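A.B. asks: Below: one structure in C-alpha cells.
The values are calculated or read from the model by the stated rules, or taken from the named source; none is laboratory data. The structure displayed is predicted, hence computed values, not measured ones. When we count neighbours, we look across all protein chains shown, and the Cβ atoms used for this are built from the backbone with ideal geometry, even at glycine. Heads up: the accessible areas ignore ligands, DNA and RNA and are worked out on the full protein's heavy atoms, side chains in. Shrake-Rupley method; radii C 1.70, N 1.55, O 1.52, S 1.80 Å.
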Amino acid sequence: MTTKVRTRFAPSPTGYLHVGGARTALFNWLYARHHDGIFVLRIEDTDLERSTEESLTAIFEGLEWLGLDWDEGPGPEGPFGPYFQSERLDIYREHVQRLLDEDKAYLCYCTPEELKQRREESFARGEDPKYDRRCACLTPAERQALADKGREPVVRFRSSDEGSTVVDDLIRGEIVFDNEMLDDFVILKSDGMPTYNFAVVIDDHLMQITHVIRGDDHISNTPRQIQVYEALDFPVPEFAHLPMIHGSDKTKLSKRHGATSVTEYRDNGFLPEALVNYLALLGWSYSATDTLFTVDELIRKFSLDRVSRNPAVFDMKKLEWMNGVYLREMEPDRLTDTVIPRLQREGLIPEQVDKATRAKIQKIAVALQSRIRTLAEFVPSSRYFFVDDIEYNQKAVEKFLYRDYVPELFGLLLDKLTHTEPFDEPNIEKVFLEVQAQVDRKLGEIIQPVRVAVTGTNVSPGMYEVLAALGPARTCHRLKTMKEMVKQKLSADEA
C-alpha cells in the first residue's frame with residue numbers, strides 16, 4: 001500500500017450531486033490537497049437500471065463548478081482504472097472466486113420469498129432478522145439439486161460471529177461492533193453484480209485508497225467491510241465518518257431545507273467559492289470566530305481532528321449572507337462577465353454585447369453589488385435599466401409621488417437634465433443641488449420622488465448612479481410621464 005495519501009469520492013449516478021455528497025467530496029479533496037496527496041473520482045454505477053447519463057453529467061458539472069478537480073478517474077484516468085464499477089465486473093468475480101475457493105464465501109440458493117418469510121418469523125419471535133446460514137454447509141449434491149430446480153444462487157460472505165470488529169475512526173475514535181450482530185451478507189447477486197459492501201473494498205484496495213472519508217450513515221457498513229479486507233489479507237485503510245447534515249429544524253436534510261443539486265445553487269446565483277466555504281463549515285471549524293476562508297486557506301488549515309462528531313445544521317440564510325460577502329468582493333470585470341449571460345437569458349440585452357453596452361452593464365452591476373445576496377437577484381433588481389415599461393410599487397407611488405410639489409419639481413429637473421452634457425454623476429448631482437436651492441427642500445424630499453419615478457420603487461443604488469446608467473432619454477421620459485400622471489391625480493383629488 002502506498003504511503004502517499006489517497007482519498008476518493010465515489011458517487012452513484014442515480015441522481016443529482018446534492019449538498020451531502022458535495023460536502024463529502026470537498027472533505028476528501030481538501031484532505032488530499034492538504035497532504036499533497038491524490039484525489040480519486042470513482043463512479044459506482046452497478047445499479048444499471050437507475051444510473052443515467054444525465055445524473056453522471058450533473059455530478060461532473062457540479063464537481064467542476066466547485067473546483068474539485070480529480071487526479072484520477074473519468075477524464076484524466078490513471079494507473080488503477082477503469083474508474084466505472086460497471087467496467088470492473090471481471091475484477092470483482094475474480095475476488096469472489098478466491099473467497100469461494102478459500103471457503104470464506106458460499107453459494108446461497110434461498111429465494112427472496114423464503115428470506116422474507118424467515119425475516120417475518122424472526123420479527124415475530126423478537127429476534128434480529130439475520131440470515132440463518134442454511135446454505136452455508138450444503139454438499140455439492142445439494143447445491144446441484146437446487147440448481148437443477150432453476151434456482152440462481154447469490155454469493156454470501158462467511159462473516160465471523162465470534163469476538164468483535166473494531167473501527168478506529170479518525171473522527172469518532174474507537175467503535176466496537178459485536179460480530180454476533182453481523183450476518184452473512186450477499187457479496188454477489190444472482191445477476192452477477194457485486195454489492196456495495198464488497199465492491200467498495202475491492203476498489204479501495206486496488207486503487208490504493210489510504211483514507212475512506214464518508215458520511216456517518218456508512219458506519220454500520222464498516223465492520224462488514226473490515227471483515228472482507230481481513231478475509232482477503234488486504235491492509236485496512238483509515239476510516240473517518242463525517243457527521244450528518246440536518247435542516248434548521250434538526251431533522252435530516254431534505255429538499256425543503258435546501259438540499260437541492262449543486263448545479264441548482266449555481267443556477268440560483270450562488271458563487272462556487274461561497275458554497276465551498278460554506279460546505280467546509282458543515283462539520284468542520286478552524287476557530288470560533290473565523291468563517292470566511294479562501295480555497296488555499298482551507299487547504300492549508302483543513303484537518304480531520306477539527307471535524308465535529310455532532311450533526312451539522314444547514315442554514316440557507318447564512319449561505320446567502322456568505323454569498324453576499326463574496327459578491328461584494330468580486331472584481332468588476334468578473335462580476336460583469338457573470339451577469340451578462342443572465343441578462344441575455346431574460347432577453348434584456350442582445351446576444352452580442354458591444355463595448356459601450358458592456359461598460360453600462362458593469363456600471364449597473366457595480367452599483368447593485370452591495371445590495372444583492374445572489375446573482376439571481378440581479379435581474380429583477382436591474383430590470384428597470386433595460387426596459388422602457390417598468391412596474392411601479394403602488395405603496396411607494398402613494399407615499400412619495402402624490403405630493404403637491406412633485407409636478408413643479410419634476411418640471412425644474414426636466415428643464416436642466418434635458419440639456420445636461422455629459423450626462424454623468426457629477427453633472428447630475430450639480431443639477432439636483434441647483435434644484436434643491438430653488439425649491440428649498442431637503443435633498444431626500446427631491447431624491448425619493450425621482451427614485452420612484454425612474455425605478456418604480458423607493459429602494460435603489462445612489463440616485464446619481466442610477467440616472468447616469470439609465471441615460472438622459474429614459475430618465476427624462478419617465479420623469480415627464482410621472483409628472484403628468486401626478487398632476488392628473490392631484491387635480492382629480494381636488495375636484
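A.B. asks: Considering segment 249-359, what Rg and Dmax in Å follow from its alpha-carbon atoms?
C.D. replies: Using the Cα atoms of segment 249-359, the pair Rg, Dmax is 17.3, 54 Å.
A.B. asks: How much mean residue ellipticity at 222 nm does the chain get from its helices, if each DSSP H run of length 4 or more adds -39500 (n - 2.57) and you divide by all residues, to the nearest 500 deg cm²/dmol?
C.D. replies: Rounded to the nearest 500, it is -14000 deg cm²/dmol.
A.B. asks: Among 442/483; 4/301; 355/430; 399/430; 250/318; 395/480, which pairs are too far apart, with a Cα-Cα distance over 22 Å?
C.D. replies: Going by Cα-Cα distance, 355/430; 399/430 fall outside the 22 Å limit.
A.B. asks: Compute from the Cα atoms of segment 356-450 the Rg and the Dmax, the latter being the longest Cα-Cα distance, and quote both in angstrom.
C.D. replies: 15.4, 41
A.B. asks: How many nm is it between the label spots at residue 419 and residue 317, if each spot is 7 Å from the Cα in line with the beta carbon?
C.D. replies: Using points 7 Å along Cα→Cβ, the separation is 5.3 nm.
A.B. asks: Could I ask something else about it? Roughly speaking, to the nearest percent, how much of the chain's 1.4 Å accessible area is carbon and sulfur?
C.D. replies: Here it works out to 48 percent.
A.B. asks: Let me ask something additional. Determine, from the Cβ-Cβ distance of residue 353 and residue 430 and an R0 of 35 Å, the FRET efficiency 1/(1 + (r/R0)^6), rounded to the nearest 0.05.
C.D. replies: The computed FRET efficiency comes out at 0.65.
A.B. asks: Based on the Cα atoms of segment 29-187, what semi-axes does the equivalent ellipsoid have, where each is the square root of 5 times one gyration tensor eigenvalue, given in whole Å with the largest first?
C.D. replies: Ellipsoid half-lengths, sorted descending, are 37, 22, 17 Å.
A.B. asks: At q = 0.09, 0.15, 0.18 Å⁻¹, what base-10 log of I(q)/I(0) does the Debye formula yield for segment 176-325 when every alpha carbon is treated as an equal point scatterer in vacuo?
C.D. replies: Treating every Cα as an identical point scatterer, log10 I(q)/I(0) equals -0.40, -0.95, -1.13.
A.B. asks: If packing is taken as the mean number of other Cβ atoms within 10 Å per residue, what is the order of 121-128, 277-284, highest first?
C.D. replies: 277-284, 121-128
A.B. asks: Based on the alpha carbons, how large is the Rg to Rh ratio for segment 72-120 when Rh follows Kirkwood?
C.D. replies: Ratio of gyration radius to Kirkwood radius for segment 72-120: 1.23.
A.B. asks: Roughly how many whole Å is it from the C-alpha centroid of segment 94-133 to that of segment 186-213?
C.D. replies: Between the Cα centres of segment 94-133 and segment 186-213 lies a distance of 19 Å.
A.B. asks: Same structure, new question: What is the Å³ per residue value for the convex hull set by the Cα atoms of segment 51-132?
C.D. replies: 196 Å³
A.B. asks: Under a crude label model (7 Å from the Cα following the beta-carbon direction), how far is residue 139 from residue 221 in nanometres?
C.D. replies: Between residue 139 and residue 221, the label points sit 4.0 nm apart.
A.B. asks: Now for a different question. Could you work out Rg/(2.2 N^0.38 Å) for segment 1-118, with Rg from alpha carbons only?
C.D. replies: Relative to the rule-of-thumb radius for its length, segment 1-118 sits at 1.30.
A.B. asks: Once the Cα gyration tensor of segment 226-291 is diagonalised, what are the square roots of 5 times its eigenvalues, in whole Å and ordered largest first, as equivalent ellipsoid semi-axes? Display every interim value, and only then the final one.
C.D. replies: Numbers: eigenvalues 203, 56, 42 Å².
Over the Cα atoms of segment 226-291, the ellipsoid semi-axes are 32, 17, 14 Å.
A.B. asks: By what distance, in whole Å, do the Cα atoms of segment 440-483 stretch along each of the three principal axes, largest value first?
C.D. replies: Result, largest extent first: 26, 22, 18 Å.
A.B. asks: Measure off 7 Å from each Cα along the Cα-to-Cβ vector at residue 36 and residue 437, then give the distance between these two points in nanometres to one decimal.
C.D. replies: 6.9 nm
A.B. asks: What's the magnitude of the charge dipole for the chain around its Cα centre, counting Lys and Arg as +1 and Asp and Glu as -1 at the beta-carbon? Answer in Debye, nearest 20.
C.D. replies: So the dipole magnitude of the chain works out to roughly 1620 debye.
A.B. asks: Compute the distribution of all C-alpha to C-alpha distances in segment 411-495, in bins of 10 Å from 0, and list the percent of pairs in each, rounded to whole numbers.
C.D. replies: 17, 52, 26, 4, 0
A.B. asks: Along its principal axes, what span do the Cα atoms of segment 336-495 show, with the longest given first and each in whole Å?
C.D. replies: The principal-axis extents, from largest down, are 50, 31, 24 Å.
A.B. asks: Limiting things to C-alpha atoms, what are the Rg and the maximum Cα-Cα separation (Dmax) for segment 15-62, in angstroms?
C.D. replies: Here Rg and the maximum Cα pair distance are 12.4, 38 Å.
A.B. asks: Please give the length that would be gained between residue 94 and residue 404 if that part of the chain were fully extended, namely 0.36 nm times their separation in residues minus their C-alpha to C-alpha distance (nm, one decimal).
C.D. replies: Between residue 94 and residue 404, full extension yields 102.7 nm more.
A.B. asks: A further question follows. What translational diffusion coefficient, to the nearest whole µm²/s, does the chain have by Stokes-Einstein, given a Kirkwood radius computed over alpha-carbon pairs, a temperature of 10 °C and 1.306 mPa s viscosity?
C.D. replies: On the way: Rh = 27.6 Å.
D, rounded to a whole number, is 58 µm²/s.
A.B. asks: Let me ask you something else. Given contacts defined as C-alpha pairs under 8 Å and at least six residues apart, what's the relative contact order of segment 368-495, whole-number percent?
C.D. replies: 35 percent
A.B. asks: Can you tell me the accessible area per residue over segment 319-399, all protein chains present, probe 1.4 angstrom, in square angstrom?
C.D. replies: 56 Å²
A.B. asks: Provide the percentage of antiparallel DSSP beta bridges, counting only those with both residues in the chain; round to the nearest 5.
C.D. replies: Details: 16 of 30 bridges.
Just about 55 percent of them are antiparallel.
A.B. asks: Let me ask another. Can you tell me, using C-alpha contacts under 8 Å and at least 6 residues apart, the relative contact order of the chain as a whole percent?
C.D. replies: 12 percent
A.B. asks: More than 18 Å apart: what percent of Cα pairs in segment 180-253 qualify?
C.D. replies: Cα-Cα pairs in segment 180-253 separated by more than 18 Å: 48 percent.
A.B. asks: Going by alpha carbons, how many degrees (0 to 90, nearest 10) lie between the helix axis of 316-328 and the longest principal axis of the chain?
C.D. replies: Roughly 60 degrees, rounded to the nearest 10.
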